[in-house]
Amino acid sequence: MTETRVWLCRHAETATPLVFHGAESDEVLSPLGRQQALAAAEWFCDKTIDVVVSSIMRRAVETARPVARACGRSIHTEEQLHERRVGALCGTSFSLSAGPWVETLEHWTAGHTAFTTPGAESYNDLVARLLPAWQRIIEQHQGRRIVVVCHGIVVKVLLLTVLKGWGPSRWHELGRVANLAVSEITASSPNEWTAVSLLSVPPVVMQVNENAAASAVGKSEA
C-alpha cells in the first residue's frame, strides 16, 4: 500500500468564538478567522496536496475554500464530519473550568463514554458517526495526500480513535485543539496510523494571531 498522508485540522475562528455552537449552529468565520484561513492556505500550498475534504458546515467550508484554491483543488464535502450535536448547550457560554462540558469530560476520561447531557452526542455516538466517514475518505483517496477540515471535537475523537495506544482516557493529554491546529498522520497499511505531529498551529497562522492581539492592545491603549 502506498503511504496515505492526512493533515487533520480544525476550522478557523468563528464570528462568536466564546459560545458553544455544535451542529445546531452553522456559524460563519470572524474577520480574524478569514485571515487565519488565508494564512493556512499559504502554509499548505507547497505540500503537494491531492485532496481537500471539508465538513459541510460553513465554518469548515470557509476555512477549506482558500486552502483548496491555493492547492489547485476542489473541495470534497463529507456530511458526517459535522460538529458534535450539543443540545441544550448550544448558544451558552463556553467554559473549561465548570459546567456540563467539564462534567462530560470527567465521565468520558473515566471510561463512561456513553454519558452525555440532554440532546448532545456521547463519545460513543461520535465514534459511531465519525469512524465510517473517516474510513470512506481514506478508502476513496488511499495513497494520496489529504487535507481534512472539520471541528475541534471531531479532530480529537478521530485522533483518539485511529492512533494506536490512544483513547478517551488520554483526552487531556492530547491537548487543546486551537483554531487551525493541524495534526499530520500517515499510514502505509490500513488502520496503522502514525502521528508526525499533533495539534500544531502553523507558524503563519500563529503570526496572524499575534498581529491581531497586538492590534487589539494598541486600540485599547489609544
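A Cβ-based charge dipole, computed about the Cα centre of segment 4-221 with Lys and Arg at +1 and Asp and Glu at -1, lands at about 420 debye.
For segment 4-221, the relative contact order works out to 29 percent when only alpha carbon pairs closer than 8 Å and six or more residues apart are counted.
Beta bridges assigned by DSSP with both partners in segment 4-221 are antiparallel in approximately 50 percent of cases. Given springs between every Cα pair under 10 Å in a Gaussian network model of the chain, which of Glu24, Glu106, Glu173 has the largest fluctuation? It is Glu173. Distance between the pseudo-spin-label points of His112 and Ser189 (7 Å out from Cα toward the beta carbon): 3.9 nm.
If the chain linking Ala88 and Glu3 were pulled fully straight, counting 0.36 nm for each residue of separation and taking away their Cα-Cα distance, it would gain 26.4 nm.
Here the label points at Arg176 and Glu79, each 7 Å from Cα along the C-beta direction, are separated by 3.5 nm in the simple model.
Between His82, His112, His151, find the one with the highest GNM mean-square fluctuation for the chain; connect C-alpha pairs within less than 10 Å. For the chain, modelled as a Gaussian network with Cα springs under 10 Å, the answer is His112. State the answer as a single residue: which of Gly111, Ile153, Ser122 lies farthest towards the positive end of the charge dipole of segment 4-221, with beta carbon charges of +1 for Lys and Arg and -1 for Asp and Glu, about the Cα centre. Value: Ile153.
Values in this text are rule-based calculations from the coordinates and carry no lab data. Worth saying up front: this structure is predicted, and the values here are computed from it rather than measured. Cβ atoms come from the backbone with ideal geometry, glycine included; neighbour counts cover every protein chain shown.
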